[in-house]
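Accompanying notes for the structure given below.
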Protein chains: 2
Amino acid sequence: MTTQTLLREPPLRPEPDLNAEMAKIGRRAREAATELALASAETKIAALNGAAAAVRADAAEILAANARDLAEADEQGVSSALRDRLALDPKRIEAIAAGLEAIAAIPDPVGRVLAEWTRPNGLRIQRVAVPLGVIGIIYESRPNVTADAGGLALKSGNAAILRGGSESYHSSRALVAALAEGLSSAGLPEAAIQLVPTRDRAAVGMMLAMSGVIDIIVPRGGASLIERVQRESRIPVIAHLEGLCHTYVDAAADLEKARKIVVNAKMRRVSICGATETLLVDRRVVKSHLPFILADLRAGGCELRGDPEVLAIDPSSRPATEADWRTEYLDAILSVHVVDGVTGAIEHIARFGSHHTDAIITEDDSTAERFLREVDSAIVLVNASTQFADGGEFGMGAEIGISTQRLPPRGPVGAEQLTTYKYLVRGTGQVRP
Amino acid sequence: MTTQTLLREPPLRPEPDLNAEMAKIGRRAREAATELALASAETKIAALNGAAAAVRADAAEILAANARDLAEADEQGVSSALRDRLALDPKRIEAIAAGLEAIAAIPDPVGRVLAEWTRPNGLRIQRVAVPLGVIGIIYESRPNVTADAGGLALKSGNAAILRGGSESYHSSRALVAALAEGLSSAGLPEAAIQLVPTRDRAAVGMMLAMSGVIDIIVPRGGASLIERVQRESRIPVIAHLEGLCHTYVDAAADLEKARKIVVNAKMRRVSICGATETLLVDRRVVKSHLPFILADLRAGGCELRGDPEVLAIDPSSRPATEADWRTEYLDAILSVHVVDGVTGAIEHIARFGSHHTDAIITEDDSTAERFLREVDSAIVLVNASTQFADGGEFGMGAEIGISTQRLPPRGPVGAEQLTTYKYLVRGTGQVRP
């Protein structure tokens with residue numbers, strides 16, 4: 001299939017035979033998954049680098065497709081934030097290509113020997129990483145997710161069925177065409193990365209019903225999407241829920257570190273899941289530390305909402321209610337709460353947090369270790385910004401999201417986290433007594 | 001709570017306030033889970049050994065409770081197989097106590113550093129094993145599962161809510177009382193292992209609705225239970241589906257090994273999930289190997305169902321239909337199919353298997369490695385019996401089941417598999433650029 005055929009005009013109305021089309025996509029994905037699972041590391045690297053080259057070579061087509069998406073978005077009068085997430089330019093295209101090359105460069109996650117041991121009867125047992133199979137990824141507006149998700153699925157030996165946001169439909173088609181060129185150039189099936197060929201919302205429901213065809217669903221979007229997936233689907237989910245992240249300034253915090261980290265944790269980018277939403281401050285340093293931190297935040301344009309003790313030293317803060325402790329603002333707003341030391345911080349986080357990412361600022365090692373041990377979140381940091389909650393920052397090359405569920409994968413989901421394992425047992429004629 | 005209070009007569013009719021009772025159990029389990037997660041390895045070992053001692057000390061009470069279950073079973077006229085699964089005797093009581101001590105002796109699964117690395121910016125990242133939280137375990141008649149499941153949950157730092165089979169209700173209450181004595185003797189909360197205090201079936205539905213309280217449901221039972229759990233519950237599941245296991249005798253198989261392994265794989269115990277249900281034979285050794293293997297099986301009392309090529313050399317076999325390739329007999333019945341070498345075996349297993357456990361008998365290493373690589377099952381063996389599919393045989397101390405799902409945990413589920421992980425990140429003031 002060439003870029004030309006992939007880019008042909010999509011139907012404006014729902015496919016009358018969408019069910020048949022989805023079934024065909026499922027069959028092709030399963031066949032491709034069998035082939036991908038056995039592909040060598042070198043072949044997958046060639047496909048990813050080939051895809052990066054195709055993204056660069058097809059930049060004009062991709063930008064033209066993106067222009068169609070933007071024109072339709074403008075007609076519908078979307079918000080400037082959404083329009084920005086949607087828009088591609090030569091710099092963003094280059095970042096997409098470089099992202100695929102970064103995924104190519106990480107160690108192959110398939111075939112890793114995770115554990116091995118020999119039993120007294122001589123059986124040699126290995127636990128070895130293998131791909132998950134067919135991954136269904138449902139996401140929203142950013143076109144670059146198409147390349148990241150497709151690239152990570154490929155690296156981990158999985159086939160992917162992508163259902164991108166309808167706003168980025170043309171852009172995603174053009175990017176999937178480039179991924180297909182990469183797969184094809186390495187001798188891998190183009191069906192390893194398929195885009196659902198319609199903007200019809202019914203396709204999401206059909207994907208959720210493809211138990212036995214799709215092995216894992218990865219919803220990347222708002223809480224309502226994830227709730228729908230968990231409610232409707234019997235397929236296991238890698239869920240990314242909200243990030244109600246805390247930074248706790250301990251009595252033993254270094255003031256300069258605290259100022260620098262808190263401002264970064266809240267304000268570097270306010271719309272990401274790793275942004276701090278609630279600042280907790282040890283009562284013992286409310287007077288010595290908090291005024292400086294609040295002044296920095298306010299200077300950066302942050303709205304502050306405090307409990308009565310905060311208001312007492314900072315009357316320009318708005319009063320916080322309990323609802324504030326439960327709110328993921330994703331905006332330049334911070335709730336501030338005074339607590340009784342690390343015990344109070346741990347209790348507050350257990351009660352109001354979302355088990356995503358939480359940080360402590362302290363120079364006291366035993367307090368730090370207690371916080372690390374007792375805070376039950378996917379990521380717990382000492383003396384660092386919560387905005388490091390990111391697969392790229394963890395060295396995973398890229399991520400498909402941050403899992404807030406308890407069963408693995410938990411935390412940033414990169415290529416390694418898109419594998420499962422099997423046991424290989426080598427005997428010499430053993431039978432069970 | 002003493003053994004006496006736990007053993008008091010259960011209500012014969014549904015508790016009018018079962019909802020309130022289940023909510024209370026949930027609250028107590030969550031509190032216990034917080035405490036268990038932070039318990040030291042030594043404390044958990046003391047609790048498990050204390051429970052083993054209590055099982056031995058309370059043997060008379062446990063046998064008396066079991067006698068009540070057996071009397072009720074006899075009134076209902078249950079099958080002799082079910083009665084046998086239900087019955088305890090001093091030897092089985094000792095095995096339960098020894099099982100708890102075996103769980104005590106395995107390495108502590110909590111706190112293991114699964115990976116660690118340092119980023120160029122100096123952040124030190126560790127992935128560390130932590131408990132799952134509250135595990136809901138729904139199982140059928142064997143009373144020993146109560147001790148195994150409770151013991152494994154305790155070892156892995158989780159709280160357990162157990163819902164055993166109604167036939168073993170009195171036995172399970174007595175065993176949970178002994179587990180509570182062990183917990184209490186080590187200073188751990190008795191609520192760490194709770195038995196649902198009713199035989200009312202409504203309790204299962206309530207457990208499935210306890211999203212946010214129960215973190216993981218482990219159904220141990222027939223396909224209908226697992227289907228119900230997957231359909232009704234939004235809580236993640238560790239599912240143990242059927243074991244449609246194959247043994248493939250390759251052209252390069254050693255005949256003596258093949259005879260010994262096939263008979264063991266089928267006949268050692270026909271009712272376990274790791275029992276072989278279909279024998280695949282390479283066409284090239286149908287004449288040289290198959291007659292001996294079939295004669296051994298028949299001598300052991302196994303009914304044989306063969307395809308036309310099998311019937312041609314063994315006319316006493318019954319004809320097999322395609323339904324046989326899809327049937328988990330769990331009985332002294334074996335389907336036998338001739339295939340074209342390892343390629344044919346891999347294709348048959350992919351089409352008809354249940355991704356549980358499959359074995360090859362061959363002296364050809366490259367054929368063995370191809371089978372290990374291409375057969376997509378939780379456990380793949382070379383020159384060994386499929387009946388080794390068992391957590392105990394893998395060295396895990398005990399198992400709560402064998403997971404046939406794709407996401408981890410896959411394969412035997414022991415204490416290590418009842419953990420998840422979190423990331424600990426230690427910085428020195430880093431902020432994200």
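The values are calculated or read from the model by the stated rules, or taken from the named source; none is laboratory data. Bear in mind that the values here come from a model prediction, so they are computed numbers and not experimental data. Here Cβ is always computed from backbone atoms with ideal geometry, including for glycine, and neighbour counts include all displayed protein chains.
If I filter the range A:344-352 for residues that are of a type outside the set (S, T, N, Q) and in a loop (DSSP other than H, G, I, E, B), do I get at least one hit?
Within the range A:344-352, none of the residues are of a type outside the set (S, T, N, Q) and in a loop (DSSP other than H, G, I, E, B).
Scanning the range A:300-343 for residues that are assigned to a loop (DSSP other than H, G, I, E, B) and either among the polar types (S, T, N, Q) or outside the structural domain of A:VAL286 (by TED's automatic domain parsing) (or both) returns A:SER316, A:SER317, A:THR321, A:THR327. Looking across the range A:356-387 at every residue that is part of a loop (DSSP other than H, G, I, E, B) and facing another protein chain (nearest Cβ under 9 Å), the one that is nearest to B:TYR421 (Cα to Cα) is identified as A:ALA378. Quick one: would you say B:ASP108 is among the acidic types (Asp, Glu), closer than 15 Å to B:ALA41 by Cβ and modelled with pLDDT of 95 or more? Taking the combined requirement at face value, the residue satisfies it.
Does the range A:388-397 contain at least one residue that is of a type in the set (Asp, Glu), surrounded by fewer than 22 Cβ atoms within 10 Å (Cβ to Cβ), more than 7 Å from chain B (Cβ to nearest Cβ) and assigned to a loop (DSSP other than H, G, I, E, B)? So far as the range A:388-397 goes, yes, one or more of its residues are of a type in the set (Asp, Glu), surrounded by fewer than 22 Cβ atoms within 10 Å (Cβ to Cβ), more than 7 Å from chain B (Cβ to nearest Cβ) and assigned to a loop (DSSP other than H, G, I, E, B).
With A:ALA202, A:ALA177, A:ALA223 as the choices, which residue is touching an Asp or Glu at 6+ places or on another chain (Cβ under 8 Å) and farther than 30 Å from A:ASP358 by Cβ? Result of the check over A:ALA202, A:ALA177, A:ALA223: A:ALA177.
Residue-by-condition table, conditions (1) under 30 Å from B:TYR139 (Cα atoms); (2) touching a strand residue (DSSP E or B) at 6+ places or on another chain (Cβ under 9 Å); (3) modelled with pLDDT of 95 or more; (4) buried (at least 22 other Cβ atoms within 10 Å of the Cβ):
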{"site": "B:SER211", "(1), (2), (3), (4)": "yes, no, no, no"}
{"site": "B:ILE214", "(1), (2), (3), (4)": "yes, yes, yes, yes"}
{"site": "B:GLY222", "(1), (2), (3), (4)": "yes, no, no, no"}
{"site": "B:VAL249", "(1), (2), (3), (4)": "no, yes, yes, yes"}
{"site": "B:LEU294", "(1), (2), (3), (4)": "no, yes, yes, yes"}
{"site": "B:PRO308", "(1), (2), (3), (4)": "no, yes, yes, no"}
{"site": "B:SER316", "(1), (2), (3), (4)": "no, yes, no, no"}
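Looking across the range A:102-154, the residues that are of a type in the set (S, T, N, Q) and within 14 Å of chain B (Cβ to nearest Cβ) come down to A:THR118, A:ASN121, A:GLN126. Step by step: first the residues of the range A:273-285, then only those that are assigned to a helix (DSSP H, G or I) and either among the aliphatic types (A, V, I, L, M) or in contact with a strand residue (DSSP E or B) (Cβ under 8 Å, 6 or more places away or on another chain) (or both), then the one that is nearest to the other protein chains (Cβ to nearest Cβ). Which residue is that? If we take residues in the range A:273-285 being assigned to a helix (DSSP H, G or I) and either among the aliphatic types (A, V, I, L, M) or in contact with a strand residue (DSSP E or B) (Cβ under 8 Å, 6 or more places away or on another chain) (or both), then A:VAL285 is nearest to the other protein chains (Cβ to nearest Cβ).
Just so you know, in the range B:205-229 the residues that are under 17 Å from the mean Cα position of the chain (by Cα), within 14 Å of chain A (Cβ to nearest Cβ) and not β-branched (Val, Ile, Thr) include one that is nearest to B:TYR329 (Cα to Cα), and it is B:ALA223.
Find the residue count for the range A:238-272, including only residues that are of a type in the set (Lys, Arg) and at the interface with chain B (Cβ under 9 Å from one of its Cβ atoms).
4
B:GLY397 satisfies every condition listed in (1) farther than 22 Å from A:GLY133 by Cβ; (2) modelled with pLDDT of 95 or more; (3) within 15 Å of the chain's Cα centre (by Cα) except (2).
Sort out which residues of the range A:107-163 are assigned to a helix (DSSP H, G or I) and small (Gly, Ala, Ser), and write them in order of number.
Within the range A:107-163, A:ALA147, A:ALA149, A:GLY150, A:GLY151, A:ALA153 qualify.
Across the range B:412-433, the qualifying residues are those that are part of a strand (DSSP E or B), in contact with a Leu (Cβ under 9 Å, 6 or more places away or on another chain) and within 30 Å of B:THR357 (Cβ to Cβ), and the one among them that is farthest from the other protein chains (Cβ to nearest Cβ) is B:THR419. Among the criteria (1) facing chain A (nearest Cβ under 7 Å); (2) surrounded by 23 or more Cβ atoms within 10 Å (Cβ to Cβ), the one B:PRO408 does not fulfil is (2).
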